[in-house]
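Structure first, commentary second.
Here, each number is a calculation from the coordinates, and none is a lab measurement. Computed from a predicted structure; not experimentally measured. Virtual Cβ from ideal backbone geometry, glycine too; neighbours counted across all protein chains shown.
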Amino acid sequence: MHTFDTHELAVPHRDPAVVERRRVHALVFDDPTRTLAAVKRLRAEGFDVGDVHSPFPVHGMEEALGMRPTRLAWATLIGGLAGGSLKLLFQSWVHIVDWPMNIGGKPDFSLPALVPVTFELTVLVAAFATLGALFVRRRLYPRPRPERAPRQPHLGVTDDRFVVLVMEHDGAFSPGRFRAVSSALGAQEVIEAWEAVA
Amino acid sequence: MSASTAAWPPRESLVEGAPSYAEVTREIAAPLERPATTAWWVAFLVAASALALGIALVAYTINVGIGAWGLNRTVGWGFDITNFVFWVGIGHAGTLISAILLLLRQQWRTSIARAAEAMTIFAVMCAGIFPLIHMGRPWLAFWMFPYPNTRGSLWVNYRSPLVWDVFAISTYFTVSLLFWYLGMIPDFATMRDRARGLRQKLYGWLSLGWDGSARSWQRYEKACLLLAGLATPLVVSVHTIVSFDFSTSVIPGWHTTIFPPYFVAGAVFSGFAMVMTLLLITRRVMRLERLITLRHLDYMAKVLLTTGLIVGFAYATEVFIAWYSASRFERFTFWNRAFGPYAWAYWLMVFCNIVVPQMFWFARARRSLPLLFTGALLVNVGMWFERFNIVVISLHRDYLPSSWSLYVPTPTELGILLGSFGLFFTCFLLFVRVAPVVAFHEVKHTLALQREEDHAHV
């Protein structure tokens, strides 16, 4: 079995502005099915599963973590509507108001001829809106490393490791019970780390 | 599920030898992490030389003007537009594989999607060059875009198919690029976590701080689906609009309503042929036989056969309608295609596009690497000649016999065509050295699903 050095763990945030830190337990798995079972079990036992990191999307993890469906499609819809309608408006303005041209005696406002470009702009702006929303909401921007611990809990998560993060809340967390529950989950390793709470 | 009710013949796995996730990572990353092979360098030098020749000849064309080509008063569109339509067509398979097959949940697309998407980007780049250089004054190419200017403002004519084309091609290029990059973000993260030093930094910047969190994956998968949903009508629209360049004119042989579906089917056909050609080489050179399996090639050959039949049906419909229309110009155009001075080009097209793919009815041909390679290569040739037939043969003899003429390309045009292949292969060869040719996360996902399925069968 591959062993992990704790120094591979991303360094916890040491911003002086951060007042509070909480302990995080990272359970490292090597199999998506076991990871999913572990998440279900931990949540059933009342532990706070903060996040799961995996090399590929694990089927059923959304429900297991109780995540709300994403609203990303709204960005696509709004972007598409805005792109298409503004482009249609602009084309009409060009051909009716700003510079009317008599082309084969056809009316200034010839809607069918304006459809292709309207469609292209609908798709173009919708695509940019979708990606823009994804990048902004998931804070994806060019930088050398993932943002802060434990967002990238272990280097293996882009290779073959699945990491379940259990957040420790003061008072509501019993280390003994956690050890008892987690030992039966088949984790390769359990790592302790700190997460900054800004 | 019991063995007796299981599908027969048993389905081969999409990833051979049931490797572990770590093995998948290693196998895909290995070609990027070892120095380039001699074969790569030879291929790169050949491609780069062709590209250099192309650049020199484009510079020559811009310097002396379009007179460097064999165009004349009758045949105003020759190699330039033929090559344009050819390359745009090639650029369709990538999005088809990555978007439409994603929406149809075809798992077999995972190993080949990345290379096909890359091919799309490079093919559209090649395509874009030709309308640009055929303008005569390419330094004024920005006039194609509507921007406030000192001439009025004089806007573009939105009622012209040539303007639709500008928007279609540039949108298609941009959205394909976004889709391609989105797909690579988690894979760049994998490369980042394997690399050291400068490479680590480079892949780090490219991976946008990807952390593989379940929340990120949820949004990521949704974004992929949404972009696929956008790209699907887009890919159909692009070649439809390219066909409008022809079908909205009044040239016999161009002025037909069948053109949009005919062009789209032809584009998918030629695109798949090019993907097949490239992947047969890539899987051998990059040693990816375990990930790009015979089953993938088998499926692609089936797509080739199907779209080939659609294209053949379109040819037959065109000929029938030309006769049925009772328009003597239309009838003459088609007679001239088959029996005129360019008859050899017509029959070459018929042979390559209709006769050759018929061998893929047979499983043995679909699984024979030499036959697949030859077949795909011939389809590429045939599809290039299809565009040559449409563009040149329709133009060279139209309504007025006194203006009939022949078109012969000059060496400059041949060199620029060669140069476009140089650009295509140079880009592709650089791509296989920088980015993972097969998507890590998608193959691992397929592997996980395969394992679940295997468990269900036991």
Determine, for each peptide in B:28-41, B:359-372, B:189-202, the mean count of other beta carbons within 10 angstrom over its residues, then list the peptides with the highest first. B:189-202, B:359-372, B:28-41
Could you work out how far the C-alpha centroid of region B:15-81 sits from that of region B:116-144, in angstrom? 15
What is the angle, in °, between the Cα long axis of helix B:161-194 and the longest principal axis of the Cα atoms in chain B? Nearest 10 is fine, range 0 to 90. 20
Would you work out the relative contact order for region B:142-274, in percent, from Cα pairs under 8 angstrom that are 6 or more residues apart? 21
Could you work out the mean count of beta carbons from other protein chains within 10 Å of each residue's beta carbon in B:433-444? 2
In deg cm²/dmol and to the nearest 500, what is the mean residue ellipticity at 222 nm of the protein assembly as shown if only DSSP H runs of at least 4 residues count, each as -39500 (n - 2.57), divided by the residue total? -19500 deg cm²/dmol
Listed residue pairs exceeding 30 Å between alpha carbons, taken from A:Lys40/B:Lys201; A:Lys40/B:Lys222; A:Lys87/B:Lys222: A:Lys40/B:Lys201
Give me a single rounded figure for B:154-166: the average over its residues of other chain Cβ atoms within 10 Å of their Cβ. 5
For chain B, find the longest principal axis of its Cα atoms and tell me its angle to the long axis of helix B:328-339, 0 to 90°, nearest 10. 60
If amide H atoms are built 1.01 Å from N in the plane of the peptide, which residues on other chains or at least 5 residues away come under 5 Å of the amide H of A:Gly50? A:Leu165, A:Val166, A:Met167
Net dipole in debye of chain B [+1 Lys, Arg Cβ; -1 Asp, Glu Cβ; about Cα centre; nearest 20]: 420
How do B:412-421, B:61-70 rank on mean C-beta neighbours within 10 Å, highest first? B:412-421, B:61-70
Packing-wise, with mean Cβ within 10 Å as the measure, how do B:267-276, A:136-145 rank, highest first? B:267-276, A:136-145
How far is helix B:110-133 tilted, in degrees, relative to the longest principal axis of the Cα atoms in chain B, given as a value from 0 to 90 rounded to the nearest 10? 30
For the protein assembly as shown, give the magnitude of the charge dipole about the Cα centre (Cβ charges: +1 Lys/Arg, -1 Asp/Glu; no others), in debye to the nearest 20. 280
